[in-house]
1. Would you point out the residue of region 72-98, among those that are touching an Asp or Glu at 6+ places or on another chain (Cβ under 8 Å) and within 13 Å of Ile115 (Cα to Cα), that is nearest to ligand 2 (Cβ to nearest atom)?
2. Of all residues in region 28-66, count the ones that are within 11 Å of ligand 2 (Cβ to nearest atom) and either touching a residue at least 60 places away in the same chain (Cβ under 8 Å) or within 24 Å of Glu239 (Cα to Cα) (or both).
3. If His19 satisfies every condition in (1) in contact (Cβ under 8 Å) with a residue 40 or more places away in the chain; (2) part of a loop (DSSP other than H, G, I, E, B); (3) more than 16 Å from ligand 2 (Cβ to nearest atom) but one, which is the exception?
4. Is it true that Leu55 is at pLDDT 95 or above, within 16 Å of ligand 1 (Cβ to nearest atom) and within 22 Å of Glu164 (Cβ to Cβ)?
5. Which one of these does Glu83 not meet: (1) surrounded by fewer than 17 Cβ atoms within 10 Å (Cβ to Cβ); (2) in contact (Cβ under 8 Å) with a residue 60 or more places away in the chain?
6. Hey, among the residues in region 174-206 that are within 16 Å of ligand 1 (Cβ to nearest atom) and over 22 Å from Leu12 (Cα atoms), which one's surrounded by the most Cβ atoms within 10 Å (Cβ to Cβ)?
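The values are calculated or read from the model by the stated rules, or taken from the named source; none is laboratory data. Only a predicted model underlies this, so the values are computations on that prediction, with no experimental measurement involved. Cβ atoms come from the backbone with ideal geometry, glycine included; neighbour counts cover every protein chain shown.
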Amino acid sequence: MMEGTADMGAPLLSAGGLHVGYGLTKVIRGLDFDVQTGERLCILGGNGSGKSTLLLAIAGLIGSNTGTLDYEGVSLHRMAHFERYRRGIVLIPQNRMLFANKTVRENLELACLSIGLRSTAVEGRLERVMGTLPFLERAASKKTGLLSGGEQQIVALGRALMAEPKLLLMDEPTAGLAPIWIDQMEEGLKVARREFDLTYILVEQNVRVGLANTDRLIVLRNGVVALTGESKSMRNESELFKAYLG
Ligand SMILES: Nc1ncnc2c1ncn2[C@@H]1O[C@H](COP(=O)(O)OP(=O)(O)OP(=O)(O)O)[C@@H](O)[C@H]1O
Ligand SMILES: [Mg+2]
């Protein structure tokens, strides 16, 4: 597995001078960053700093037309959300967006609907995902809405894996979870990364979780990078908190 930021050829994702906003509201104001294949990038920042906006723009759920945003050497600007998903950019949104009235298995299967796989291929993926996150096998026939928040977050991770992501985008996956479920989530993520060769961007408010599960971090403030560095060198770093708070 590749670690760090050493020269590894073309990045998987590359943003240059990226601007994203909602109408007249400018949120991301000229952002530059790369994600190398195999790398784990953490994005930190206070409430409203634009973390979710950035992930939505990478996933193609909101527009981003100023600056560059390239994935596998191709510009994403004109690429529809569905096409990005098919090519391996998969978002686990902040509110998870699972189908509460469907079973865990149905939620997993639905992830493949827009990819147009044969049912035998979906079965194969189910087996692989359930083998990676055994909780999903145990909970397969349960109604998703009846599960705890932590359990649902594992379902959301499993659903993302069903799409066989190359670049997984996670928006505060541990928010609101009890400590035991934060541990489960971190463990699930480690196993998933190993089994699926994941590259990911992890947005976190939990600084400990963000730093422990990534190689490099970016702190967003006022729509630009306030601080960047290696995650392991940032622990207990007062610089980090200064960047965070401005
Ligand atoms: N649909 C929208 N329309 C207009 N403005 C929006 C919309 N969504 C978010 N914003 C604004 O964009 C800014 C960034 O929001 P965003 O949700 O990206 O922040 P965040 O860093 O994810 O915050 P949090 O940590 O609370 O999730 C905020 O000022 C927010 O009010
Ligand atoms: Mg957010």
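1. Residues of region 72-98 touching an Asp or Glu at 6+ places or on another chain (Cβ under 8 Å): 76, 87-88, 91-94.
Narrowing the set further to residues that are within 13 Å of Ile115 (Cα to Cα) leaves 87-88.
Details: Arg87: 24, Gly88: 22 Å.
Step by step, filter region 72-98, then rank; the result is Gly88.
2. From region 28-66, those within 11 Å of ligand 2 (Cβ to nearest atom) are 43, 45-56; that's our starting set.
Next cut, either touching a residue at least 60 places away in the same chain (Cβ under 8 Å) or within 24 Å of Glu239 (Cα to Cα) (or both) only: 43, 45-52, 54-55.
So the count comes out to 11.
3. It fails just one condition, (2).
4. Details: at pLDDT 95 or above: yes; within 16 Å of ligand 1 (Cβ to nearest atom): yes; within 22 Å of Glu164 (Cβ to Cβ): yes.
Yes; evaluated as a whole, the condition is true for this residue.
5. (2)
6. Start the filter on region 174-206 by keeping residues that are within 16 Å of ligand 1 (Cβ to nearest atom), which leaves 174-177, 201-206.
Adding the requirement that they be over 22 Å from Leu12 (Cα atoms) leaves 174-177, 205-206.
Values: Thr174: 26, Ala175: 16, Gly176: 11, Leu177: 21, Gln205: 15, Asn206: 16.
Within region 174-206, the match that is surrounded by the most Cβ atoms within 10 Å (Cβ to Cβ) is Thr174.
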